[in-house]
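The values are calculated or read from the model by the stated rules, or taken from the named source; none is laboratory data. Please read all numbers here as calculations on a predicted model, not as lab measurements. Positions of Cβ are generated from backbone atoms using ideal geometry, with glycine treated the same way; all protein chains shown enter the neighbour counts.
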Amino acid sequence: MPTWTSDEINRISTADELEVAPLGGDGARLRPVPIWVVRHDDGLYVRSYKGTDGRWYRAALTSSQGRIQAGGVDRDVTFVAETDPELNEQIDAAYRSKYHRYGQNYVEAMVSSDARTTTLRLLPR
């Protein structure tokens, strides 16, 4: 299974935003959408601000494939749903730590139960 290089994971995790373009139902990439990305250990995680209503999220969940760009890294990825409550607590903490400067309203939306159900791990392909 492919893994992130140290350089890739550092560059992606320190970028403010990540552009995500999942594959749509026809196999074509959707238009890239800017989202927040966090790192926990050697994993990269994203969530949908709109919860399960996010178009990019629904496409990512359905296709499990797409492309990301962040910090000068441009990679095809596999999206893997994460449902472990303990891991989600740690991802909440990563969102709070990285994005606190944007204000409580934005951060709390990303750690809400609706957003939490959309946690996806990014795996390089």
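State whether one or more residues within region 17-37 are at pLDDT 95 or above, under 21 Å from residue 6 (Cα atoms) and of a type in the set (Gly, Ala, Ser). Scanning region 17-37, I find no residue that is at pLDDT 95 or above, under 21 Å from residue 6 (Cα atoms) and of a type in the set (Gly, Ala, Ser), so the answer is no. It is to be established whether one or more residues within region 91-102 are farther than 17 Å from residue 15 by Cβ, in contact with a helix residue (DSSP H, G or I) (Cβ under 9 Å, 6 or more places away or on another chain) and in a strand (DSSP E or B). Within region 91-102, not a single residue is farther than 17 Å from residue 15 by Cβ, in contact with a helix residue (DSSP H, G or I) (Cβ under 9 Å, 6 or more places away or on another chain) and in a strand (DSSP E or B).
May I ask you to verify whether residue 117 is touching a residue at least 60 places away in the same chain (Cβ under 8 Å), at negative phi and under 13 Å from the mean Cα position of the chain (by Cα)? Yes; evaluated as a whole, the condition is true for this residue. Within region 67-81, residues that are farther than 11 Å from residue 125 by Cα reach partners that are in a loop (DSSP other than H, G, I, E, B) with beta carbons closer than 6 Å, at six or more positions or on different chains, in the pairs 70/15; 71/15.
The set of residues from region 57-84 being surrounded by fewer than 22 Cβ atoms within 10 Å (Cβ to Cβ) and outside any strand (DSSP E or B) comprises 58, 61, 62, 63, 64, 71, 72, 82, 83, 84. The single residue among 53, 42 that is farther than 23 Å from residue 3 by Cα and surrounded by fewer than 18 Cβ atoms within 10 Å (Cβ to Cβ) turns out to be 53. Just one of the numbered conditions (1) surrounded by 16 or more Cβ atoms within 10 Å (Cβ to Cβ); (2) touching a strand residue (DSSP E or B) at 6+ places or on another chain (Cβ under 7 Å); (3) among the small types (Gly, Ala, Ser) is not true of residue 48: (2).
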